[in-house]
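Structure, as structure tokens:
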Amino acid sequence: MSRRGTDHSIAEIAAALGARHAGDGTLRITGAAEPAQAGRGHLALAMDPRYADGLAQGQARAAVLWDGADWQALGLDAAIFVARPRYAMAGLTAHLAAPRAIPPGIHPSAAIDASALIGPGAAIGPFVSIGPGARIGANARIAAQASIGAGAVIGADALILEGVRIGHDVRIGDRFIAQPNAVIGGDGFSFVTPEPGAVEAVRRSLGDTGGATQSAYARIHSLGAVAIGDDVEVGANACIDRGTVADTVIGRGTKIDNLVQVGHNVRVGEDCLLCGQTGIAGSTRLGNRVVLGGQVGVTDHLTIGDDVIAGAGTLLRTNQAKGRVMLGNPAMPMAASVESYKALRRLPRLLARLGAERGTGRGTEHSAERGTGATGDNNRLPNRGETD
């Protein structure tokens, strides 16, 4: 259930959504709610016939409905009709959302270096730290205890929430949003041993250490930064590491969920969607419009083509051509992965059936050919090589 300090008429909301309305367009609402929990001042969200029954349980006088709904039969005084409910939610929530409570101006407790440039209309919250030479764009809003490193550039209309850390020399475009405690511009995870070690040997041979052992690690420092395009969003506790020499890059319009890790030197294209707990290892390149579901892993130095989709839990170990839809570990085309999973689910039943057939003498001829006979141990699984 949502509330906002001001109210809106049905006609105003419909106009904001570019949608058709019917009934009393002057009826005013103060927020949105699920149908069964809606009060008289709420706009009920019943955009699918499955939710229509909830309207009788609530008290809403107006609702957002699916195209073709009989709003009068549902006992409503007004209705807004939408063809694509989820897209309508984007416009509706933007219209009803309360603005972030970051007062205009600079809070007296903020620590801002004298050489930093703060754009007109910016709002800087309590205990914010802004380093030397940093530039904050017009109308940017920075919430309490965020820190902006030396030389960093933040574009216009940014919203940086509590505890966000933006490292030195990071460059961020306009309309950027960072949820609490995101970290952008930490050093990359990059280490090397004085002599070739076990990890390098295993990687080269796919399993053989060659007698090599590990020794003390030397740190490879991060000389690059992070460059982020316009209209990017970064979720809470997500981390984007700076590049080793060149910058780590996040393309325009990309959305990054909570707890996502983007490694050093990674280049993410435009309008990508990286869902929660996804990890992208160093120097991998993602094309445009790539979608990685929750807990997807992408190993280092890969190229993932435009429009690739990887379902939740997928592990991408190899390059992926444009438009592929992958699932599973090992990753395979989604349809094949689903069939593989179905076969795995059937395996216990198949093994039980095989054991039962052996126990009743079915398949004796095959057993005899292997020398076990009908009185042998017919319930054991064949040893490696018996069926070769």
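FYI, it's all coordinate maths here, none of it is from the lab. Here the structure is a predicted model, which means the values were calculated and not measured. All Cβ positions, glycine included, derive from the backbone under ideal geometry; neighbour counts span all protein chains shown.
Some notes on this structure:
- Of all residues in segment 266-285, those that are farther than 17 Å from residue 230 by Cβ and in a loop (DSSP other than H, G, I, E, B) total 9.
- Those residues of segment 203-222 which are among the hydrophobic types (A, V, I, L, M, F, W, C) and either closer than 30 Å to residue 157 by Cβ or surrounded by 15 or more Cβ atoms within 10 Å (Cβ to Cβ) (or both), in sequence order: 212, 220
- Some residue of segment 115-126 being in contact (Cβ under 8 Å) with a residue 24 or more places away in the chain, crowded, with 16+ Cβ neighbours inside 10 Å and in a helix (DSSP H, G or I): no
- Of note, residue 158 does not satisfy the criterion of being aliphatic (A, V, I, L, M) and touching a Cys at 6+ places or on another chain (Cβ under 9 Å).
- Of all residues in segment 149-167, those satisfying the criterion of being outside any loop (DSSP other than H, G, I, E, B) and either without any contact (Cβ under 8 Å) to a residue 40 or more places away in the chain or within 9 Å of residue 136 (Cβ to Cβ) (or both) are 153, 154, 160, 165, 166.
Let's see how each residue does on (1) touching a residue at least 24 places away in the same chain (Cβ under 8 Å); (2) crowded, with 20+ Cβ neighbours inside 10 Å; (3) closer than 16 Å to residue 159 by Cα:
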position: 229; (1), (2), (3): yes, yes, yes
position: 232; (1), (2), (3): yes, yes, yes
position: 240; (1), (2), (3): yes, yes, no
position: 250; (1), (2), (3): yes, yes, no
position: 253; (1), (2), (3): yes, no, yes
position: 263; (1), (2), (3): yes, yes, no
position: 272; (1), (2), (3): no, yes, no
position: 278; (1), (2), (3): no, yes, no
position: 282; (1), (2), (3): yes, no, no
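- Scanning segment 170-183 for residues that are under 18 Å from residue 230 (Cβ atoms), under 16 Å from the mean Cα position of the chain (by Cα) and part of a strand (DSSP E or B) turns up 177, 178.
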